[in-house]
1. Which one of Val95, Val64 is in contact (Cβ under 8 Å) with a residue 24 or more places away in the chain, over 14 Å from the mean Cα position of the chain (by Cα) and part of a helix (DSSP H, G or I)?
2. Can you pull out the residues in the stretch 1-15 that are surrounded by 12 or more Cβ atoms within 10 Å (Cβ to Cβ) and either more than 30 Å from Phe55 (Cα to Cα) or at pLDDT 90 or above (or both)?
3. Name the single residue that is farthest from Leu68 (Cα to Cα) among those in the stretch 16-55 being surrounded by fewer than 12 Cβ atoms within 10 Å (Cβ to Cβ) and among the hydroxyl-bearing types (Ser, Thr, Tyr).
4. Please determine whether any residue of the stretch 33-52 is at pLDDT 85 or above, in contact with an Asp or Glu (Cβ under 6 Å, 6 or more places away or on another chain), closer than 30 Å to Leu141 by Cα and assigned to a helix (DSSP H, G or I).
5. Would you mind stating whether Ser49 is touching a residue at least 12 places away in the same chain (Cβ under 8 Å) and of a type in the set (Ser, Thr, Tyr)?
6. Scan the stretch 28-45 and tell me whether some residue there is of a type outside the set (Asp, Glu) and more than 21 Å from Leu126 (Cα to Cα).
7. Would you say Ala111 is out of contact with any His (no Cβ under 6 Å at 6 or more places or on another chain), under 22 Å from Ala144 (Cβ atoms), of a type outside the set (Lys, Arg) and modelled with pLDDT of 95 or more?
Amino acid sequence: MAEVETTGGGLGHHLAWGALLFPIGWVCLDFVYWPAVLEAGLLPTDADSIIIPIFNDIIAAPFVMLFLLLWSWPAWRVPRGRIALLAWDRQRPWVSGLATISYGGIAAFCAVDAVYVLFLHPVELLNLIVTIPFALWNLLLRAAVIQPSSI
């Protein structure tokens with residue numbers, strides 16, 4: 001079974017940093033993505049500016065950050081040490097099932113999106129910079145929530 005060992009403040013600390021860094025990475029990617037889309041000629045000729053979607057994402061990023069902090073909150077209780085990525089807590093099957101459906105569902109959606117992007121314009125591959133780590137982060141959240149509290 002695949003395991004991840006954490007050091008320092010524990011896994012919850014690292015998962016909280018992920019919730020803070022993903023919106024920042026998303027906004028930083030906008031400054032590369034939108035000029036590339038403009039240069040590729042994928043925008044309509046009557047489009048005003050690429051700064052509009054960039055500023056929209058800048059405004060949305062703090063709200064997304066708060067949502068991701070709430071999304072990762074159930075996983076913060078995990079103590080320092082190892083977590084099994086394929087864990088299943090038989091004593092709490094409802095928690096294991098709900099965590100698998102919610103966090104695993106988001107990871108599966110990201111995986112399907114990553115495959116879909118392969119069939120689009122090559123500039124869309126830039127989205128994988130955030131999509132793939134976000135899917136892996138959700139899998140870590142799932143493992144942290146399911147991890148038995150007796151460890």
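1. Being in contact (Cβ under 8 Å) with a residue 24 or more places away in the chain, over 14 Å from the mean Cα position of the chain (by Cα) and part of a helix (DSSP H, G or I) holds for just one of Val95, Val64, which is Val95.
2. Glu3, Val4, Thr6, Gly10, Leu11, Gly12
3. Ranking the candidates gives Thr45 first.
4. Looking for residues that are at pLDDT 85 or above, in contact with an Asp or Glu (Cβ under 6 Å, 6 or more places away or on another chain), closer than 30 Å to Leu141 by Cα and assigned to a helix (DSSP H, G or I), one finds none in the stretch 33-52, hence no.
5. When the stated conditions are applied, Ser49 does not pass them.
6. Taking every residue of the stretch 28-45 in turn, at least one turns out to be of a type outside the set (Asp, Glu) and more than 21 Å from Leu126 (Cα to Cα).
7. Yes.
Every residue, every condition in (1) more than 18 Å from the chain's Cα centre (by Cα); (2) farther than 21 Å from Trp34 by Cα; (3) not hydrophobic (A, V, I, L, M, F, W, C), yes or no:
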| position | (1), (2), (3) |
| --- | --- |
| Leu70 | no, yes, no |
| Trp73 | no, yes, no |
| Gln91 | yes, yes, yes |
| Tyr103 | no, yes, yes |
| Asp113 | no, no, yes |
| Val117 | no, no, no |
| Glu124 | no, no, yes |
| Val130 | no, no, no |
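The values are calculated or read from the model by the stated rules, or taken from the named source; none is laboratory data. Quantities reported herein were computed from a predicted structural model and do not represent experimental measurements. Note that we place each Cβ from the backbone using ideal geometry, even for glycine, and neighbour counts take in every protein chain shown.
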